Amino acid sequence: MDFLKNHDLGFDKEQILILPGISEDIHGDVVKEKFFQLPEVKKIAFASSLPGDQNMFFMAAAKGSSQNTIMDYAFVDYDYIDLLDLKIIQGRNFSREYLSDETDFPLIINETAARILGLDGNAVGAEITPNPKAIKPIYFKIIGVIKDFHFTTFHEEIKPFMLSLSPQGPNLILKLSTDKYSATLDKLENIWKENIKDIPFDYRFLDDSFYKKYKAEEDLQIFFIGLTLVTMLIASSGLFAIATILINKRKLEIAIRKVMGASTKNVYRLIGQEYVNLVSLSVLLSVPIAFILMKTWLENFVYRIDINIVDFVIVAFISVTLCLLIVSYQAVKIAIMDPLKTLRSE
């Protein structure tokens, strides 16, 4: 879960606020301009979808090829790539300085799309078409390539993806520069209600929205944390009870050992070693099972952590330490007892 939440996704997900509901008949540019006047708003963009959303699909083939490839795509405006901090590795971004960007429907694709289309290294300037078998295919020119980013969860491989320019879209995206979200949201809501009266003010944060895709894993994490605590409590209680009974039964043996010269340290080590051996055996038996189960579960993710042997060493150390702490009370109690009193009573 730590890997899922902290691994680099290839885009900036922090402090990104999404306001859905903007449509073609709503003056989105007016709202955008007023939002921009707020000092808490750093960047603004429009888009049809965001990472984690369901994208539209497009059948594409490079010019001169008849091999179609299914590609995810989204309509975005000029500022989308900059707002999400996507990395352009070839060509350029959409730009207001190029009038052709508004009329020729240029495309920006990701690395995976360039590779699958057979355009590695020379994608910029290449053309693709949705129907290569048409009598007069319609071609769209590629003006840039962006570095691969995770627009779906780690369950899936990064797929071919492309961006197409559209000055407006159904999602207004804001990059904030404040930690006072409540006050900022109130300001945004007031501006929204002044200009858009028919659609309620709704919002979501990109990082929260994206990680809701991992709800099943989060629920599993909570379940196993609870199960672990309950199991440890039951096991510890049982170990304490068994240790108390068995150690008390060995009072006479311990007394004779002490009379024969055994030190308190020797007695404690004798008793503790038995339980350490049993716990160590249980760790050795459980590690292979845990390893296989974790490896099988992790295979549900295309991108995942490697199982580290250090994790099992830590677990073993905690288990043995907990065992010693549990039996120490009774072990020390009997180790420091007066052997003469025990021999008389026994």
| query | Where in the chain are the DSSP H helices whose C-alpha atoms run 27 Å or more along the long axis and whose mean Kyte hydropathy is at least 0.0? | reply | 215-249, 264-298, 309-335
| query | Top mean-square fluctuation among Ser209, Ser164, Ser182, Gaussian network model of the chain, C-alpha springs under 10 Å? | reply | Ser182
| remark: Helix-only [θ] at 222 nm, the chain, -39500 (n - 2.57) per DSSP H run of 4+, per residue, nearest 500, equals -15000 deg cm²/dmol
| query | How much accessible area per residue does the range 286-325 have, in Å², with a 1.4 Å probe? | reply | 74 Å²
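Given a 1.4 Å probe and heavy atoms of the protein chains only, how would you sort His7, His150, largest accessible area at the top?
Greatest to least solvent exposure: His7, His150.
Which percent, to the nearest 5, of DSSP beta bridges fully inside the chain are antiparallel? Numbers along the way, then the final one.
Numbers: 29 of 38 bridges.
So the antiparallel bridges in the chain amount to around 75 percent.
When a/c is below 1.5 the answer is rounded, else prolate if a/b is larger than b/c, else oblate, so apply that to the chain with a ≥ b ≥ c taken from the square roots of the Cα gyration tensor eigenvalues. Show your work: numbers first, answer last.
On the way: a/c = 4.56, a/b = 2.51, b/c = 1.82.
Prolate is the answer for the chain, as a/c is 1.5 or above and a/b outweighs b/c.
Report the charge-dipole magnitude of the chain in Debye, nearest 20, computed about the Cα centre from +1 at each Lys and Arg Cβ and -1 at each Asp and Glu Cβ.
On the way: 37 positive and 43 negative charges, 454 e Å.
So the dipole magnitude of the chain works out to roughly 2180 debye.
Rolling a 1.4 angstrom probe over the protein heavy atoms, how many square angstrom per residue are accessible across the range 113-172? Working shown, then result.
Details: 2700 Å² over 60 residues.
Here the residues of the range 113-172 average 45 Å² of exposed surface.
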| Where in the range 39-61 does the amide nitrogen come within less than 18 Å of the point 7 Å from the Cα of Ile138, taken along Cα to Cβ? | 56-61
| In straight Cα distance, which lysines are under 26 Å from Lys133, not counting same-chain residues fewer than 8 positions off? | Lys63, Lys141, Lys159
| field | Dipole axis of the chain (+1 Lys, Arg; -1 Asp, Glu on Cβ), positive-most option in Ser237, Ser182, Asn277 | value | Asn277
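Shape verdict for the range 266-338, please, from the Cα gyration tensor: rounded (a/c under 1.5), prolate (a/b greater than b/c) or oblate. Mind showing how you got there, number by number?
On the way: a/c = 4.76, a/b = 3.64, b/c = 1.31.
The shape class here is prolate.
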| field | the chain, accessible surface, carbon-and-sulfur percent (1.4 angstrom probe) | value | 60 percent
| query | Measuring from label point to label point, each 7 Å out along Cα→Cβ, what is the Lys295 to Asp338 span in nm? | reply | 5.9 nm
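The values are calculated or read from the model by the stated rules, or taken from the named source; none is laboratory data. Predicted model only: the values in this text are computed from it and were never measured. Quick reminder, even Gly has a Cβ in these numbers, built from the backbone with ideal geometry, and neighbours come from all protein chains shown. Just the protein is used for accessible areas: all its heavy atoms, side chains included, with ligands, DNA and RNA removed. Shrake-Rupley method; radii C 1.70, N 1.55, O 1.52, S 1.80 Å.
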